[in-house]
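The values are calculated or read from the model by the stated rules, or taken from the named source; none is laboratory data. Everything numeric here is computed off the predicted structure, so don't read it as measured data. Because the Cβ atoms are built from the backbone with ideal geometry, glycine has one as well, and the counts that use them run over all protein chains shown. These area figures cover heavy atoms from the full protein model, side chains too; ligands, DNA and RNA do not enter into them. Shrake-Rupley method; radii C 1.70, N 1.55, O 1.52, S 1.80 Å.
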Amino acid sequence: MPQAARRTAILGAGLIGAGWAAFLLARGLPVHAIDPGPGAEARLRADIAGMWPSLEALGHASGPADLSALTFAAAPGPELATVDLVQENAPEVLAVKRDIFAELERWVRPDTVLASSTSALLIGDIQTACEHPGRCIAAHPFNPSHILPLVEVSGGPLTDPSILDWAMGFYTSLGKAPVRLARQVEGHIAGRLSAALWREAVSLVDQGIASVGDIDAAIRNGPGPRWAVAGCHMVYHMGGGPGGIAHYLDHLGDSQQRRWDDLGTPRLDADLRRRITEGVDAVADGRSVGELAEDRDRRLISLLGSKDDDNASPGTEDSDGS
């Protein structure tokens, strides 16, 4: 059973890997971390300590971090023989991930699940390097991975469907909110949606319609909070009033189509990159990325703490749903 998993490993102790390690430890699972980088263990332990207050605020952890359940190695080895799941967080380079999965198979049991946090690569391309490809899945978290509950689970052509069932149960049992893709696709669900929104945001800058600051403010103070509690389809469903989405599509579908047809397709040339960078710098107003991330995490914790468990939102939206 998924909840019977007793020991996990993470490979790659960067930002995402550290988030996974902190979360798994907070949920009571020993973690064996693997990273060949100089000073990686010290950085990982410091990162986990820094993430722990957020995990406490979300109710995932109680009391100070106990890192006695964290072990570390520079390379895969015999410690993996007792691991039920390995969460890989290596750089987004297909050849690197394929080599890592093949190396992991030298040490893990045949029934150990190998999960990749890949944000863009296809697990179907990674798993072909494995002797037991059926246990290979993509399990993509959303940054910051120790705070946000989303995990996007998908398999490749050689993945055993029962392993996907197991993974959904495993992440759910830990308090994550996994979603299962019917088939693999680059960028999964949330990454593709985020890319589509950002493309239009960049297009608005490119066309001189609004500044970076005003575009971000429009999302932050309008659709962003609504999407957080309802999701995009349900927002439009409520935008249709008593008739719901069917009424919306009948009466406003054509106007929505016109907006889609008018969306921009910007090219990230040198001038546009400069304008985006200058706009972001102006909004940051001298704050470092670390300071911005701390503020983001504080706001995310507040938002997640106020959401209903079913993520549903009562009420009626604007008539156009937008």
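Among the residues of the range 104-134, what is the count of those that are open to solvent by less than 60 Å² (accessible area, probe 1.4 Å) and out of contact with any helix residue (DSSP H, G or I) (no Cβ under 8 Å at 6 or more places or on another chain)?
First, the residues of the range 104-134 that are open to solvent by less than 60 Å² (accessible area, probe 1.4 Å): 104-105, 108, 112-124, 126-127, 129-130, 133-134.
Now narrow it down to the ones that are out of contact with any helix residue (DSSP H, G or I) (no Cβ under 8 Å at 6 or more places or on another chain): 105, 122-124.
Number satisfying all stated conditions: 4.
The criterion of at least 1 residues that are touching a residue at least 40 places away in the same chain (Cβ under 8 Å), in contact with a Ser or Thr (Cβ under 9 Å, 6 or more places away or on another chain) and not assigned by the TED database to the domain that holds residue 301 is met by the following strands (runs of 3 or more DSSP E) wholly inside the range 74-154: 85-88, 136-141. Among the residues of the range 223-232, not a single one is loosely packed, with under 11 Cβ neighbours inside 10 Å, in a helix (DSSP H, G or I) and at negative phi.
Within the range 22-78, being aromatic (Phe, Trp, Tyr) and under 20 Å from the mean Cα position of the chain (by Cα) holds for 23, 52.
Here's a check for you: in the range 247-272, which residue that is among the hydroxyl-bearing types (Ser, Thr, Tyr) and farther than 12 Å from residue 206 by Cα is surrounded by the fewest Cβ atoms within 10 Å (Cβ to Cβ)? Before you say what the answer is, go through the steps one by one.
Residues of the range 247-272 among the hydroxyl-bearing types (Ser, Thr, Tyr): 248, 255, 265.
Okay, now just the ones that are also farther than 12 Å from residue 206 by Cα, so 248, 255.
On the way: 248: 21, 255: 11.
If we take residues in the range 247-272 being among the hydroxyl-bearing types (Ser, Thr, Tyr) and farther than 12 Å from residue 206 by Cα, then 255 is surrounded by the fewest Cβ atoms within 10 Å (Cβ to Cβ).
In this structure, is residue 1 of a type outside the set (S, T, N, Q), open to solvent by 10 Å² or more (accessible area, probe 1.4 Å) and not assigned by the TED database to the domain that holds residue 129? Criteria met by residue 1.
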